[in-house]
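Below: the structure, in structure tokens.
Nothing in this text is a laboratory measurement; each read-out follows from the coordinates by a stated rule. No experiment lies behind these values; they were computed from the predicted model shown. Counting neighbours? That spans all protein chains shown, and the Cβs are built from the backbone with ideal geometry, glycine included.
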Amino acid sequence: MINYRLALKSELPELKAFLFDHGQNPWNHLPAEGVDHEFNLVAQQKASILVAIKGQQQIGFGIFYHADTLPSQYLQYSNQQPAIYIAEVVVHREFAGQGIGHRLLSLIIDQAPDLGGSMLLIDRHEENLASAGMMRKAGFTELRTFVDLQRRDYGSRKTTVMGYPLS
């Protein structure tokens, strides 16, 4: 059985290592300073991490920014309204393809109204079909695809932003 809960502050170093171990791939841009920023937001309670646990093992998690922490470049996709930004969804390689990422997204969607956002935003490499399927299955729709040379150095080098309206 898989349980889902919010991460404890004491788990942040372990979760950061998990992200680098299981989230690194050609599609995923994980600069150390960006990851440090995300985990600092969690430590400051400006973002949260929802963790998937099987037995005693962490098998996945999603990081989501609270509405008042939405990165400014995403305001254009929320019509200048508060939005929840889902920064990461990562699943242990041994558990990939079992619906854990979809379940994490669904649970974040369930929590989002309590965080004051009008919608949820997430992005991915345009060609990352596994992420695209997981996001679509959770109800996200494509908002825009654009060349993103600063974050993408593989394939088409494009980012696709997807949204999920809460009202």
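Computed values, structure above
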| quantity | calculated |
| --- | --- |
| Backbone HN-Hα couplings from phi across segment 59-75 [Karplus 6.51/-1.76/1.60, Hz, Gly and Pro as x] | 10, x, 6, x, 9, 9, 7, 6, 4, 6, 10, 3, x, 4, 5, 9, 4 |
| Cα-based Rg / Dmax (Å) for segment 2-122 | 13.8, 42 |
| For segment 51-108, convex hull of alpha carbons as volume per residue, Å³ | 91 |
| Whole-angstrom Cα spans of segment 84-167 along principal axes, big to small | 36, 32, 18 |
| L107 paired with S167, simple spin-label distance in nm, labels 7 Å along Cα-to-beta-carbon | 2.8 |
| Selected from E126, E14, E142 as most flexible by GNM, with the chain as the system and alpha-carbon contacts under 10 Å | E14 |
| I84 long-range amide H proximity, modeled H, under 5 Å | S118, M119, L120, L121 |
| Helix-only mean residue ellipticity at 222 nm for the chain, each DSSP H run of n ≥ 4 adding -39500 (n - 2.57), per residue, nearest 500 | -8000 deg cm²/dmol |
| Segment 1-153: Lys pairs at Cα distance under 24 angstrom, eight or more positions apart or on different chains | 5 |
| Residues with amide H under 5 Å from that of A47, placed H, sequence gap 5 or more | V42, H66 |
